[in-house]
Amino acid sequence: MRKALLTTTFLIYGGFNLVAALISYPAGFLSDRLGRRNLLVSSIMIFFFTYLGFALTRNIAVIGVLFVFYGLYQGIIRSLGKALASDYVSDSLRASAIGWYNTTLGVCGLVASLLGGWLWDQVGHTTVFLFGAVFAAVGAIACMTLIPAFVTRGGITESS
């Protein structure tokens, strides 16, 4: 039983990473043509529904499917986030912008992990995922409100 669970865990994480890797290029390609904001919001909504699913199920097959969707979210957000960060600065500051973007993600991820661990211990796993889903909804609203529909290098809006 323990060996089967370990194998299942490896397969789920392998599928997650495969999906994340395979979606990254198409996501970047689409964001170059359709704009980053709407695709970014779509990925956040994938995160929202995935975290709701994680909160509501304990079925291993459903969790496996949810990890595929989590891989979609990760692959899209990784490529679009860096591209969006570089859109708002001049070419000479692009590497610095991506560095600050990744630093901010790392610090926020650390805080979220600490809070998530505390919530998991004190309240339970459902609360952690519901909390994440709520913040995803807030993030989607913030993206729609604060990011123009189309941005060129240097943050100049083409159309909104």
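Rule-based calculations on the coordinates, nothing more; no lab input. The model shown is predicted, which means the values in this text are computed figures rather than measured ones. When we count neighbours, we look across all protein chains shown, and the Cβ atoms used for this are built from the backbone with ideal geometry, even at glycine.
Lys/Arg Cβ at +1, Asp/Glu Cβ at -1, dipole of the chain taken about the Cα centre: which of F135, I23, L5 is farthest positive-ward?
It is L5, whose Cα lies furthest towards the positive end.
Calculate I(q)/I(0) for the stretch 2-146 by the Debye formula, one identical point scatterer on each C-alpha and no solvent, and give its log10 at q = 0.09, 0.18 Å⁻¹ to two decimals.
Summing over Cα pairs of the stretch 2-146 leads to -0.32, -1.18.
Please list, in order along the stretch 137-146, the HN-Hα scalar couplings obtained from phi with the Karplus expression 6.51 cos²θ - 1.76 cosθ + 1.60 (θ = phi - 60°), rounded to whole Hz, x for Gly and Pro.
Residue by residue, the stretch 137-146 yields 4, 4, x, 5, 5, 4, 4, 5, 7, 9 Hz.
Which whole-Hz couplings ³J(HN,Hα) result when phi for each residue of the stretch 21-34 is put into the Karplus expression 6.51 cos²θ - 1.76 cosθ + 1.60, θ = phi - 60°, listed in order with x for Gly and Pro?
So the J values, rounded to whole Hz, are 5, 5, 8, 4, 5, x, 5, x, 4, 5, 5, 5, 9, 9.
With only Lys, Arg, Asp and Glu charged, each at its Cβ (+1 for the first two, -1 for the last two), find how big the charge dipole of the chain is about the Cα centre; round to the nearest 20 debye.
My answer is approximately 300 debye.
Let me have the 222 nm mean residue ellipticity of the chain computed from DSSP H runs of 4+ only, each contributing -39500 (n - 2.57), with the sum over all residues rounded to the nearest 500.
-29500 deg cm²/dmol
Evaluate the distance, in nm, between pseudo-label points positioned 7 Å from the Cα of Q122 and of A95 along their respective Cα→Cβ axes.
4.2 nm
With a/c under 1.5 counting as rounded, go ahead and sort the stretch 1-63 into rounded, prolate or oblate using the C-alpha gyration tensor (a ≥ b ≥ c being the square roots of the eigenvalues; past the cut-off, prolate if a/b is larger than b/c, else oblate).
Oblate shape, in that a/c is at least 1.5 and b/c is the bigger or equal ratio.
Using a Förster radius of 25 Å, what is the FRET efficiency between T103 and M1 based on their Cβ-Cβ separation? Nearest 0.05, please.
Result of the calculation: an efficiency of 0.05.
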